[in-house]
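The values are calculated or read from the model by the stated rules, or taken from the named source; none is laboratory data. Not measured: the values here are computed from a predicted model. Cβ placement follows ideal geometry from the backbone for every residue including glycine, while neighbour counts extend to all protein chains displayed. The area values use the complete protein model at the heavy-atom level, side chains included, leaving out ligands, DNA and RNA. Shrake-Rupley method; radii C 1.70, N 1.55, O 1.52, S 1.80 Å.
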Amino acid sequence: DETKLASKYNTSRSPVREALIRLSGEGLVLTLPNRSTLVAPFDLLLIPKYLDALSLLQRTTHYLAAIQRNSRQLEEIKMAQSHFLETLGQNDASTIEANMEFHLSISEASCNPYFTTAYKRLLNEGMRLHHMHLEYIGWELEEKEISEHQELIDAIEGRDALRAEKLAQSHAEKFDHRFIRFLSQKLSEHIQINTH
């Protein structure tokens, strides 16, 4: 509701309306005929296709970044990594957002705005998946996942495109496996039920 959102964020309805239009354009909200707005549903049947597209675009942009990046873009990637490291241990959405900004800074260095636009849209759509799976595994990321960021930076700095692509693929696969574990969890399977 525009009025309630404007009140909550202490602003007028115009910026709220503009934000909702933008979110609608990114496929994150749906505007109904009565002009009310809902968070767009995430179709479970599309999750495998989503993960496939995310992996492919991550691998492509990170591969190209190692070839195309300039020194300014490399510094931006390093700054994004520093910000990501600062958010670790805060156990909130800031880590997810900082991780997204890190990967987007790499995508920007690919120098292909079409790939970057598509990749950003996928990352935005996937924010809910990130929240769900981090709620499941806990907010502490594995040491290997954190070190892969630095390895990615090293590969991009050394213009090792194949290494950057392989690390991007490994990174994506870790997320896939954790999310699939989250979807298949059955907390009841370990409960002993007496039948007598």
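Residues of segment 1-19 that are surrounded by 12 or more Cβ atoms within 10 Å (Cβ to Cβ) and either farther than 19 Å from LEU30 by Cβ or basic (Lys, Arg) (or both): ALA6, SER7, THR11, ARG13, PRO15, ARG17.
Quick grid of which residues meet (1) touching a residue at least 40 places away in the same chain (Cβ under 8 Å); (2) of a type in the set (D, E, K, R):
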position: LEU51; (1), (2): yes, no
position: GLN58; (1), (2): yes, no
position: LEU64; (1), (2): yes, no
position: ARG69; (1), (2): yes, yes
position: GLN73; (1), (2): no, no
position: GLU76; (1), (2): no, yes
position: SER82; (1), (2): no, no
position: LEU85; (1), (2): yes, no
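One residue stands out in segment 26-49 among those that are open to solvent by less than 100 Å² (accessible area, probe 1.4 Å) and either of a type in the set (Lys, Arg) or in contact (Cβ under 8 Å) with a residue 12 or more places away in the chain (or both): the one that is nearest to PHE179 (Cα to Cα), namely ILE47.
The residues of segment 97-126 that are surrounded by fewer than 17 Cβ atoms within 10 Å (Cβ to Cβ) and over 22 Å from GLY25 (Cβ atoms) amount to a single one, CYS111.
Applying the set (1) touching a strand residue (DSSP E or B) at 6+ places or on another chain (Cβ under 9 Å); (2) under 25 Å from LEU183 (Cα atoms); (3) not acidic (Asp, Glu) to LEU23 leaves exactly one unmet item: (2).
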